[in-house]
Amino acid sequence: MAYDHTKQYRAVIVRGKGISDLDNFLPTYANILNEICPIPQAEFKEAFNERIFRLLDTGVEKTLDNHRTEIAGKLFGMYYTDESDNVCISHRASKLLEDSDQPAFFKDLCAKYQFPSGMNKIEQTVKPQLALGVSCRQFAYVIAVLQCLEEKDIFITKKQVGYYILNSLDVFTRTASPREVSEQIIDDINQSIEREIYVPDKATSYTYQHVNEQLNLLVLANAIRFVGNSVRLNKREKPYLDALAAAWSKEPLFDFKQYDLDSIEGRKAAEFAWNKYFSSMSDIDDSLLFTDVQALEDDEHEQGVFYAKFTKGRQGENMVALGDEGEHYVYEYERSKVNDINPRLANRVKKLGRIKGIGYDIQSVLGERERQDWAKYIEVKATKRVTAPAGNFNDSINLTRNEWIAAQQFSDCYFIYRVYFTEHGVKLFIIPNPYQQNENDTLTCIATNYRLDFTENSGSFI
């Protein structure tokens, strides 16, 4: 093998939104798809767009379509069309609804990325890449090269990652190994040589756009961090990083060469197969996708020390249900708050999450003047994500029938505590009286679950 860094090649993915927006919209996409799928292809656009329209400040059809096709579909692989022409939610999106582990979603997604990619047009992009011999899992290369460099305590910038890896033809064709790439980088650093991607008549923002967008996905996967100007591996995710890096030498799992890309029928068959492939889970073991709250900790931020404190005595319970983690945090938060208001009321704060059917997880007290000792009912909904929601953001959660009945019954004494375990510590978003807010249209609650009641006349035992 030999690495020629001068062989530069711009391989792009579908253009997404800002890193926080990708994190923000992910659960919303999943909940919309869970609500409407499976659905005939002919009805999918209207159903999806109508629901995403409720959350946006714009009704521009192009923007709505972009959320549906480019991001939820091509970038995230959250749905596919089956042989009966029905749109179905992907396993990856369904898993997100079950575990609320957003970094795990992106870990799995990053393991699926490859060049050539079906998110690009076959005639204009895939065929030329095949002609050049492009065949790689680019994120495996990124991690493998960074591992080689960090063995020598060398850290490189986003621009260097772009030039040497994510814009390199020798990487995309697997002509060079990660070790050879890292040796070239080290040699250039020792000689004080700075190399950058150069595209005539294009601004730097264009030149590195495809690099930044791909690195953002690794950040959302909790795999890397940006520290100053350098890109650092998140060593708390070492098992996942090792598994991903090990795939650098492997053929991409989807092989476009199996299809006749010179014919319309062949290209359609390839597109159909790609969408189904890309929506399926990766070959990374499920246990490596799980995100421990401590793995989210960012030592560069003051709030990061919270996780060490929060999980003290809980090590070994890293597979504890996310709901329990969120409930534990809210319980401690409420006890501390109530104790500051009136210590004699602190014992009124109780964990009740393991009692089924009551519609809330924690009972506390309101602590408000004349209603100081009134009961307060809290339903906890926790999630893990890298970025912290801020400013204009949207989110979606699922409530059971009992939780919604409790919200109606207890009205202004009922609260939903949305717990975000993030890179910058815990963010707690409190929603008071959700039932009344639904009546006032300041939030929207949509009935999505069906209960099936049956008798002995409906079937038979075998």
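Among the residues in the stretch 25-44, are any within 21 Å of the chain's Cα centre (by Cα), open to solvent by less than 10 Å² (accessible area, probe 1.4 Å), among the polar types (S, T, N, Q) and modelled with pLDDT under 95? Yes - at least one qualifying residue is present in the stretch 25-44. Anything in the stretch 126-145 that is touching a residue at least 24 places away in the same chain (Cβ under 8 Å), farther than 16 Å from Ala111 by Cβ and part of a helix (DSSP H, G or I)? List them, or say none. Scanning the stretch 126-145 gives Val126, Lys127, Gln129, Leu130, Leu132, Val145. Does Arg232 meet the test of being charged (D, E, K, R) and closer than 28 Å to Leu96 by Cα? Yes. Just so you know, in the stretch 387-425 the residues that are under 30 Å from Ile19 (Cβ atoms) and of a type in the set (S, T, N, Q) include one that is modelled with the lowest pLDDT, and it is Asn392.
The criterion of at least 3 residues that are closer than 25 Å to Val380 by Cα and touching a residue at least 40 places away in the same chain (Cβ under 8 Å) is met by the following helices (runs of 4 or more DSSP H) wholly inside the stretch 16-112: 19-36, 91-99, 102-112.
Being at pLDDT 85 or above, out of contact with any Asp or Glu (no Cβ under 9 Å at 6 or more places or on another chain) and over 24 Å from Ile19 (Cα atoms) is not true of Asn342. Within the stretch 395-416, residues that are within 16 Å of Ser364 (Cβ to Cβ) have Cβ atoms under 6 Å from residues that are among the basic types (Lys, Arg) in these pairs: Cys413/Lys376, counting only partners at least 6 apart in sequence or on another chain. Of everything listed in (1) open to solvent by 30 Å² or more (accessible area, probe 1.4 Å); (2) modelled with pLDDT of 95 or more; (3) under 19 Å from the mean Cα position of the chain (by Cα); (4) not charged (D, E, K, R), the single unmet condition for Pro128 is (3). Scan the stretch 146-162 for residues that are touching a residue at least 60 places away in the same chain (Cβ under 8 Å), in contact with a Ser or Thr (Cβ under 7 Å, 6 or more places away or on another chain) and surrounded by fewer than 22 Cβ atoms within 10 Å (Cβ to Cβ) and jot them down. Scanning the stretch 146-162 gives Phe155, Thr157.
Out of the residues in the stretch 5-20 meeting the condition of being open to solvent by 60 Å² or more (accessible area, probe 1.4 Å) and not basic (Lys, Arg), tell me which one is nearest to Ala390 (Cα to Cα). That would be Gln8.
Each residue in the stretch 252-275 was checked for being farther than 24 Å from Thr173 by Cβ and among the small types (Gly, Ala, Ser), and 2 of them qualify. Out of Ile193, Ile197, one residue alone is farther than 27 Å from Phe290 by Cα, in contact (Cβ under 8 Å) with a residue 24 or more places away in the chain, not in a helix (DSSP H, G or I) and not polar (S, T, N, Q). It is Ile197. Just one of the numbered conditions (1) under 14 Å from Ile165 (Cα atoms); (2) open to solvent by less than 10 Å² (accessible area, probe 1.4 Å) is not true of Lys107: (1). Filtering the stretch 392-446 to residues that are small (Gly, Ala, Ser) and under 28 Å from Lys95 (Cβ atoms) leaves Ser396, Ala406, Ala407, Gly425. Restricting the first residue to the stretch 228-245 and requiring it to be within 15 Å of Leu215 (Cβ to Cβ), which pairs with a second residue that is of a type in the set (D, E, K, R) meet a Cβ separation below 7 Å and a spacing of at least six or different chains? Pairs found: Val231/Lys158; Arg232/Arg225; Leu233/Glu150; Asn234/Arg225. Scanning the stretch 208-230 for residues that are farther than 16 Å from Leu296 by Cα and not small (Gly, Ala, Ser) yields Tyr208, Gln209, His210, Val211, Asn212, Glu213, Gln214, Leu215, Asn229. When you scan the stretch 429-450, how many residues do you find that are on the phi < 0 side of the Ramachandran plot, surrounded by 15 or more Cβ atoms within 10 Å (Cβ to Cβ) and in contact (Cβ under 8 Å) with a residue 24 or more places away in the chain? Count: 3.
If you filter the stretch 343-363 down to residues that are farther than 14 Å from Ala375 by Cβ and either surrounded by fewer than 14 Cβ atoms within 10 Å (Cβ to Cβ) or β-branched (Val, Ile, Thr) (or both), you find that the one that is nearest to the chain's Cα centre (by Cα) is Arg354.
Listed here are the residues, each with its yes/no results for (1) buried (at least 20 other Cβ atoms within 10 Å of the Cβ); (2) under 27 Å from the mean Cα position of the chain (by Cα).
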site: Asn120; (1), (2): no, yes
site: Gln124; (1), (2): no, no
site: Tyr164; (1), (2): yes, yes
site: Thr175; (1), (2): no, no
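The values are calculated or read from the model by the stated rules, or taken from the named source; none is laboratory data. What you see is a predicted model, and the numbers here were worked out from it, not measured in a lab. Using ideal geometry, Cβ is built from the backbone for each residue, glycine included, and neighbour counts are taken over all protein chains shown. Calculation scope for accessible area: heavy atoms of the full protein, side chains included, ligands and nucleic acids excluded. Shrake-Rupley method; radii C 1.70, N 1.55, O 1.52, S 1.80 Å.
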